[in-house]
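The values are calculated or read from the model by the stated rules, or taken from the named source; none is laboratory data. Treat the numbers as computed from the prediction; the structure is a model and nothing was measured. Virtual Cβ from ideal backbone geometry, glycine too; neighbours counted across all protein chains shown. SASA here: full protein model, heavy atoms, side chains in, ligands and nucleic acids out. Shrake-Rupley method; radii C 1.70, N 1.55, O 1.52, S 1.80 Å.
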Amino acid sequence: MIQVILKHKVWSIAIVACCILSLASCSEDEFLTVDNPNSITDATFWNTPTQFNTALTTVYGAMQFQAVSGSGLSQEIIRADIADTYSFFGRWNIFRQLSYTDNSEQIVNKWNQLYIGIFRANQIINNIELADETVFATGEKEAIIGQARLLRAFFYFQLVHTYGKAVIRTEVSTTELSKALSSIEEVTQQVILPDLNYAKDNLPLAWDDSSDLGRVTSGTATSLRGKVYLFAENWQLAADDFKEVIDSGVYALVPNSLDNFTDQNEFNSESILEVAYSSTANPGANGNNVDDTPGNSGAEASAVSSNYASIGGFGGFNTVVANLYLHELFTNDEIDPRNPVNAGGNLHSQRLTASICPKDFEGTYYGVDNTDTNVHSYRGLGLTALVKKHTNWFQGTAEIALNRSGINFRHIRLADVYLMYAEAVLNASGDVDEAIKYIDMVRSRAGVITIQQYLADNGNTFPQLHISKQRYGSQPFVNATADNLMTHLQMVERPLELCFEGQRWADLVRWGIVDDVFATMANDLNWRNDNLESITGQAPLFIEGSINLLSLGGIDRYSSSQHDYLPIPAGEVQSNNDL
């Protein structure tokens, strides 16, 4: 045995000696540049359509990040006039109190995660221009670029309307990290609009293969471009884009509002920009872990559900609840018994039932009816209504263990386009009839009295549904002017239809009405608190315990220059020498 080992040792030494002699005849540079055939490099990866589509999947994957489309957004939602939280939920309370800093979790995470998406899109856009043209089928290269550029435009739109500014990065670089901030207008003109124009021209209206379900389309690009124009108050351009989407024949409102907020009818006819989540892709993994990269099997589920669901045996924490304004707004949305949607005798609108859970909710919530006290175990703290959107309440059982939900997040859907189109028309031409037509499509789907029906029944006037009947006893009726309808869109339709979908704060900021909305909110809250004894337990809000006045701190603290947009994260400021 020893002899054998020695023979092998001698032979090994001989081999090593020969290798040394042979290496001596090679240059040092040649030795150091030997490629590892098992590694993936830029030279070996960016060559085929399959490789580029694999990379494109990671750009879509960045949409799943929780600060972009999931649980992180629930912190930002707290700032506006439709939601509330409690002092012991610190990460949310700092947004309710407007006391966040440039190092707060959501502020840092959202910035970083949006730039991860941008970096991934840039990799595709930069490298595909160097690839061999002959490996792509006709239109294939353009479609890949179009998707990458559209998603990059989305990330930049989110950046500039969250932070008010952004650093433009369209090249992949690991050395040029310091770069100055650019304004909303600069980012829009230099990146967002060119990207959306390219995507609109090079993507299909719809994908033919069912395996492509959820990919962005020309309609997505046109809708997002219309939204860009709307935010810039380019009213006619916005109206033209939205009308093109409406008239394309690709999209239609789903009959039931709830079909937009479950995991059972996803990517439906109303969907325009939707982020995919799954509760089965990786069962048991935490929903915060969504980035599916090698060596890290992401859950591909959202962690948002526990922020909204009830703590009373249903696995949630009531972290975010509907506030008194939103709750009363829903109850003011009067059922139309003539609408077939209400043939079963609904007491609440279809969109109330799909969105919030008040004390007198209809049907069931996680399998129990409104007699179950566990549903409202926090009512003594001033709770008015739970949030249903983004939770699995409709399934009858609490399937949100480990902060998981498979419900997709919708960034743009057709009802939103209808309301944006109505707004653009009112501002572009003052065409009241056209605006009412599309507002009423959304209202009719909800089963509530349409604006046109109010006008027909009340001498060509309609009620100001945002006025608190609990406080004032009645609501003034007004003429259907462009100004009155614009107020209705701002204070009724958009908060009701799009609550908890991440739209409200950006809407209030672009309209310049945060101060006015906060002042009204404070007055109503103080009145309710002063008159608590007379309204306790009374319909339609059934207030119990104290009034939650936590929002008053944020209202007092609000400054447009400081709070309309989130601060640039401290880490970016410290690492970027040009900031």
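Need one number: nm distance between label points at ASN112 and THR44, each 7 Å from Cα along Cα→Cβ, rounded to one decimal.
For the pair ASN112/THR44, the computed spacing is 3.0 nm.
Once you keep just the Cα pairs under 8 angstrom separated by 6 or more residues, what percentage relative contact order results for region 102-222? Write out the running numbers ahead of the final one.
Values: 134 pairs, mean separation 32.3, N = 121.
Once normalised by length, the contact order is 27 percent.
For the chain, what relative contact order do you get, as a whole percent, if you take Cα pairs closer than 8 Å and at least 6 residues apart?
On the way: 970 pairs, mean separation 102.0, N = 579.
Relative contact order for the chain comes out at 18 percent.
So, in nm, how far is label ALA281 from label SER561 when the simple model puts each one 7 Å beyond its Cα toward the Cβ?
Here the modelled spin labels are 4.4 nm apart.
Put +1 on the Cβ of each Lys and Arg and -1 on the Cβ of each Asp and Glu in region 75-167; which of ILE145, SER104, LEU159 then has its Cα farthest toward the positive end of the dipole?
In region 75-167, that residue is SER104.
Give the residue from LEU381, PHE136, PHE267 lying farthest towards the positive end of the charge dipole for the chain; charges sit on Cβ (+1 for Lys and Arg, -1 for Asp and Glu) and the dipole is referred to the Cα centre.
Toward the positive end, the furthest listed residue is LEU381.
Treating the angle as unsigned and between 0 and 90°, give the value, to the nearest 10°, between the Cα long axis of helix 140-163 and the longest Cα principal axis of the chain.
The two axes meet at around 60 degrees.
Using DSSP to define loop residues, name the trypsin sites (Lys or Arg not before Pro) in region 197-286 whose beta-carbon has at most 14 other beta-carbon atoms within 10 Å. Intermediate results must be reported in sequence, preceding the final value.
Details: sites: LYS200, ARG215, ARG225, LYS227, LYS243; in loops: ARG215.
When the trypsin sites (Lys or Arg not before Pro) of region 197-286 are filtered for loop state and at most 14 Cβ neighbours within 10 Å, nothing remains.
Please enumerate, by chain and number, the lysines with C-alpha under 26 Å from the C-alpha of LYS469, excluding those fewer than 8 residues away in the same chain.
LYS469 reaches LYS359, LYS388, LYS389.
Give or take rounding to whole Å, what are the principal axis extents of the alpha carbon atoms in the chain, in descending order?
Largest first, the chain extends 103, 56, 48 Å along its Cα principal axes.
Nearest 0.05, what FRET efficiency do GLU142 and GLN395 give at R0 = 56 Å with Cβ-Cβ as r? Write down the numbers at each step before the final one.
Numbers: r = 41 Å, r/R0 = 0.74.
The pair GLU142/GLN395 has a calculated efficiency of 0.85.
Going through region 131-196, which GluC sites (Glu not before Pro) have at most 16 other Cβ atoms within 10 Å and a DSSP loop state?
In loop regions of region 131-196 (DSSP not H, G, I, E or B), the sparsely surrounded GluC sites (Glu not before Pro) are GLU171, GLU176.
Can you compute the charge dipole magnitude of the chain about its Cα centre, using +1 on each Lys and Arg Cβ and -1 on each Asp and Glu Cβ, nothing else charged? Give it in debye, rounded to the nearest 20.
1240 debye
Taking all protein chains in place and a 1.4 Å probe, what share, in percent, of the accessible surface of the chain do carbon and sulfur account for?
52 percent
Relative to the longest principal Cα axis of the chain, at what angle does helix 514-530 sit, 0 to 90 degrees, rounded to 10?
So the inclination is approximately 50 degrees.
Among SER257, HIS390, TYR366, flag the residue with its Cα farthest along the positive direction of the charge dipole of the chain, charges on Cβ as +1 for Lys/Arg and -1 for Asp/Glu.
Result: TYR366, furthest along the dipole toward the positive end.
Find the accessible area per residue for the chain; the probe is 1.4 Å, ligands and nucleic acids are left out, and the unit is Å².
42 Å²
Would you kindly find the accessible area of ASP369, with a 1.4 Å probe and non-protein molecules such as ligands, DNA and RNA excluded, rounding to the nearest 10 Å²?
70 Å²
For helix 2-24, report the angle its Cα long axis makes with the longest principal axis of the Cα atoms of the chain; keep it between 0 and 90° and round to the nearest 10°.
80 degrees
Lysines near LYS227 by alpha-carbon distance under 16 Å, same-chain residues fewer than 8 away left out - which ones?
LYS200, LYS243
As a check on your grasp of the helix formula, calculate [θ] at 222 nm for the chain: sum -39500 (n - 2.57) over DSSP H runs of n ≥ 4, divide by the residue count, round to the nearest 500.
So the helix-based figure for the chain works out to -13500 deg cm²/dmol.
Suppose R0 equals 30 Å; then what is the FRET efficiency for ASP515 and ASN103 from their Cβ-Cβ distance, rounded to the nearest 0.05? Please list the in-between numbers first.
Numbers: r = 27 Å, r/R0 = 0.90.
Using R0 = 30 Å, I get an efficiency of 0.65.
I need the peptides 159-168, 413-422, 282-291 ranked by packing, meaning the mean over residues of other C-beta atoms within 10 angstrom, with the highest value on top. Spell out each step's value before the answer.
On the way: 159-168: 20.9, 413-422: 24.6, 282-291: 17.9.
Ranked by mean Cβ neighbours within 10 Å, highest first: 413-422, 159-168, 282-291.
Based on the Cβ-Cβ distance from GLN264 to ASP369, what FRET efficiency comes out when R0 is 30 Å, to the nearest 0.05?
0.90
What nm value, rounded to one decimal, do you get for the distance between ALA206 and GLU533 when each label is placed 7 Å out toward the C-beta?
Between ALA206 and GLU533, the label points sit 6.3 nm apart.
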